[in-house]
1. Assigning unit charges at the beta carbon (Lys, Arg +1; Asp, Glu -1) and nothing else, what dipole magnitude in debye, to the nearest 20, does the chain show about its Cα centre?
2. Can you give the Kirkwood hydrodynamic radius for the chain, in Å, rounded to one decimal and based on Cα pairs?
3. Positive end of the dipole of the chain, charges at C-beta (+1 Lys, Arg; -1 Asp, Glu), about the Cα centre: which of I189, P413, N227 has its Cα farthest in that direction?
4. Determine the sum of side-chain charges near Q307: Lys and Arg each +1, Asp and Glu each -1, restricted to other residues whose C-beta is under 13 angstrom from that of Q307.
5. Is there a pair in K93/K320; K215/K424; K159/K424; K2/K116; K159/K402 whose C-alpha atoms are over 29 Å apart, and which pairs would that be?
6. Accessible surface of T414 in the full protein assembly, 1.4 angstrom probe, to the nearest 10 Å²?
7. Under a crude label model (7 Å from the Cα following the beta-carbon direction), how far is R37 from R362 in nanometres?
8. Kindly provide the helix-only [θ] at 222 nm of the chain, computed as the sum of -39,500 (n - 2.57) over DSSP H runs of four or more divided by all residues, to the nearest 500 deg cm²/dmol?
Amino acid sequence: MKYLSTRGDALPRGFSDILLEGLAPDGGLYLPTRYPRVDAATLARWRRLPYGDLAFELLSLYIDDIPPADLRRLCLQTYTEAVFGSAQITPLKPLSGVGEGLWLQALSNGPTLAFKDMAMQLLGRLFEYELARRGRTLNILGATSGDTGSAAEYAMRGKQGIRVFMLSPHGRMSPFQQAQMFSLQDANIHNLAIEGVFDDCQDIVKAISGDLAFKRRWHIGTVNSINWARLLAQVVYYFAGYFQATRSEDQVVSFAVPSGNFGNVCAGHVARMMGLPIRHLIVATNENDVLDEFFRSGRYRVRASAQTYQTSSPSMDISKASNFERFVFDLLGRDAARTAELFGDSLARQGGFELAPAEVARIAGFGFVSGRSTHADRLATIRLVHERCGTVIDPHTADGLKVALQQHEAGVPTIVLETALPAKFAATIREALGCEPALPAALHDLESLPRRFALLPADVTAVRHCIETQAS
Ligand SMILES: *Cc1c(COP(=O)(O)O)cnc(C)c1O
């Protein structure tokens, strides 16, 4: 399988070449040259597989430059009951108390209690494997306000040939997130608490990544959400969810997906393009409704930072959706010139674009529908599920369920993806239910563990120096 850029002028490349990269050289995103189709007989066979084997079967359709025995071992080592809390890895729970045919798919029982572990845990192993094969090392530089940074650190801790330098705004993460990251004692993990806000952290990362000589000298890389391997790893749980909600391959299901950067639901799009019987992909946004606006109108309007709201589902507080270009490329019949025009010129000149009516008309054929949810909706939905099912869901998952309830159709099971556990967002749970969310037993003493981090001024030179003295 070869990979091309959504903007056209990159040479087709192999999986392991694009694994360690972010954007394609022309500024586009990588996609496979085609989506392998999975027929009903293959689905019937996959239905019986444990999660790790299912991941291997699916990934091997996209990866032909890692020997199958190695790829299988990496998949089986990643998806274990010890790491993800159950043999099914992403078990389905019925939400029939709220609506007939509604399910919750648990994706958040990994080490950092958010769905990002599903992909990041595999990415850590793939990176370690590929770097060893190439005799290379990598220094991962990133900025985080919470979920992504911790998922990256827990995936890369102790991995050979990899160091992580993660910038976070000092004192501005939730106490739980801070404890989760700063309690890591692994020598290859460097938490840099910056005296500033998240934008300061991101500016520093941009300045350092923009210095090509420094970047090359110190083998600087990233693990952002546009990485194709991350997206591919997420395709697997759509299949796993489908198999649990159905008995045979002639049944269809819908998925409701709390969305920010469009990474999670884009994996659902790939699953559907492969032939998984998905009726609707229900995109749920919070008050930052860039995506809902697009799916309703064909108008994509990037928000300025003043119009990007801080909400109680903070991991969906985005101004633009970095993975969205992949879907638009497919929507436009893989017209790279048109995609380049929309995401290059139009975005730069007018902060967005509007599709032609004939292009908008194609959206329905890809199964996408959407809706938005507000703070009041989140609280009401958390209360509803607690009352009717005795289950506590997190604020992001509540956005997904709120929109799922609007779009749910009789006779078609709807699977809501649980993107985080409520323990990560205790303040909103207290506001909704007046009680504390349960904390997994293994994390009871998290906030009292010793912490390891460096406090630095919001200054590029200070961070650069820190990398120079500790990088491998
Ligand atoms: C990252 C994240 C999301 C958004 O996922 P995207 O792939 O960016 O659409 C939703 N919920 C939680 C809890 C997250 O951490």
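The values are calculated or read from the model by the stated rules, or taken from the named source; none is laboratory data. This is a predicted model, so every value here is computed, not measured. Cβ atoms come from the backbone with ideal geometry, glycine included; neighbour counts cover every protein chain shown. For accessibility, only protein heavy atoms count, side chains too; no ligands or nucleic acids. Shrake-Rupley method; radii C 1.70, N 1.55, O 1.52, S 1.80 Å.
1. Here the size comes out at about 680 debye.
2. Details: mean 1/r = 0.0441 Å⁻¹.
Result for the chain, one decimal place: 22.7 Å.
3. Positive-most Cα among the choices belongs to N227.
4. Net local charge, Q307 excluded: -1.
5. K93/K320; K215/K424; K159/K402
6. So the heavy atoms of T414 present about 0 Å² to solvent.
7. A separation of 1.9 nm, rounded to one decimal place.
8. -12000 deg cm²/dmol
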